[in-house]
Amino acid sequence: MHRISRLKVVVVLATVGVLFGVVAPASALSNNPTLEEELQAIRRANRVASLVQADSIPAVDPPRVDSPHSDVRPDIRPIDVRPEILPAPRPIQLLKLECGHLADVDGKAAGCKWSESNQAHAYQLWVIVNRQARELVGTYNASTLSAKDRLPEDTHVARYAVVALDKSRTIVGRSRLVSVTFKNEPPAIDELKIECEKIDTDARKAARCDWSGSDQARGYQLWRLVNRGHRELVGTFNNETFSARNALPDDTFVVRYAVLAIGTKGQIVGRSRVATLTFPTIRPIDPPLPRPIDPPVKPIDPPIEPP
């Protein structure tokens with residue numbers, strides 16, 4: 001509304017100025033004006049024309065900061081919010097950890113000792129056995145700087161680490177991983193004795209095997225290999241059975257036996273050598289070949305006597 005009123009005023013002034021510029025020179029010519037009066041009239045006309053031209057240009061809003069066409073960068077705007085100043089975190093101390101085998105303990109075990117932290121209220125010792133999940137060995141007070149750990153019998157490597165905790169249970173110190181390796185020696189295998197013999201039966205071929213026992217055995221397995229076939233399980237027996245009989249196919253000409261002692265966890269705790277039995281094979285008598293039949297002989301024609 002104010003802009004329209006301003007435009008009207010400027011137009012009126014421009015009209016008056018133009019008329020004045022036109023009329024004034026005319027009256028001046030009639031009255032013979034001087035050169036200075038003519039120049040003043042021209043200046044007034046140009047000034048009114050420039051005001052009219054400037055007011056005809058539409059007003060443009062200043063560019064927004066977040067506009068893609070703006071040259072004003074948002075990161076140079078004045079900061080109206082002060083950043084929150086946080087205290088610097090306390091550095092975590094590096095603890096020294098040493099671990100090794102314990103020879104005076106039955107089974108597999110390891111002992112660890114670590115350096116002291118002046119910020120610690122308690123210590124925690126962690127272990128990773130083989131490739132399993134991390135486990136907590138124990139939590140100790142600030143005056144305890146060593147610990148012992150019993151490990152499973154199948155452990156081949158144990159990795160330890162210790163952390164120091166303050167009163168708020170925040171970690172203020174930690175160590176690097178320390179590995180302890182163990183050699184898994186195979187268990188002792190008892191050597192069993194086995195003896196096998198043929199059994200005379202009218203119906204079919206058979207064999208009997210006897211073997212020695214093992215104190216580690218929960219049971220026994222008897223295996224056989226007939227002729228050139230595959231290994232077969234004859235049977236599984238308890239730890240109080242030391243003999244077995246076995247019927248064989250009629251076409252058997254050789255059979256091999258072996259016995260295994262099985263432990264409480266299903267592992268082999270004893271084995272025997274191979275016992276071999278052979279059976280003679282009777283080749284059937286070939287029937288006599290039939291007498292060959294002579295081919296027919298073509299009769300010989302009598303010679304023709306000359307006349």
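The values are calculated or read from the model by the stated rules, or taken from the named source; none is laboratory data. Since we're looking at a predicted model, the values are computed, not measured. With ideal geometry, Cβ positions are generated from the backbone for all residues, glycine too; neighbour counts draw on all protein chains shown.
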- Checked the range 81-135 for anything part of a loop (DSSP other than H, G, I, E, B), over 30 Å from Asp154 (Cβ atoms), hydrophobic (A, V, I, L, M, F, W, C) and under 36 Å from the mean Cα position of the chain (by Cα); matches are Ala88, Ile92, Ala120
- Of those in the range 176-233 that are outside any strand (DSSP E or B) and among the β-branched types (Val, Ile, Thr), the residue farthest from Phe279 (Cα to Cα) is Ile189
- Query: Do we find that Gly235 is out of contact with any Lys or Arg (no Cβ under 9 Å at 6 or more places or on another chain), loosely packed, with under 12 Cβ neighbours inside 10 Å and within 29 Å of Thr281 (Cβ to Cβ) in this structure?
  - Reply: no
- Starting from residues that are over 17 Å from Gly107 (Cβ atoms) and among the polar types (S, T, N, Q), keep the ones in the range 119-161 and report whichever is surrounded by the most Cβ atoms within 10 Å (Cβ to Cβ). Gln124
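Per-residue answers, yes or no, for (1) at pLDDT below 90; (2) closer than 30 Å to Ile262 by Cβ:
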| position | (1), (2) |
| --- | --- |
| Ala147 | no, no |
| Tyr160 | no, no |
| Val163 | no, no |
| Asp166 | no, no |
| Pro186 | yes, yes |
| Lys193 | no, yes |
| Asp200 | yes, no |
| Gly229 | yes, yes |
- Query: Of these, Arg204, Arg208, Arg228, which one is within 49 Å of the chain's Cα centre (by Cα) and among the charged types (D, E, K, R)?
  - Reply: Arg228
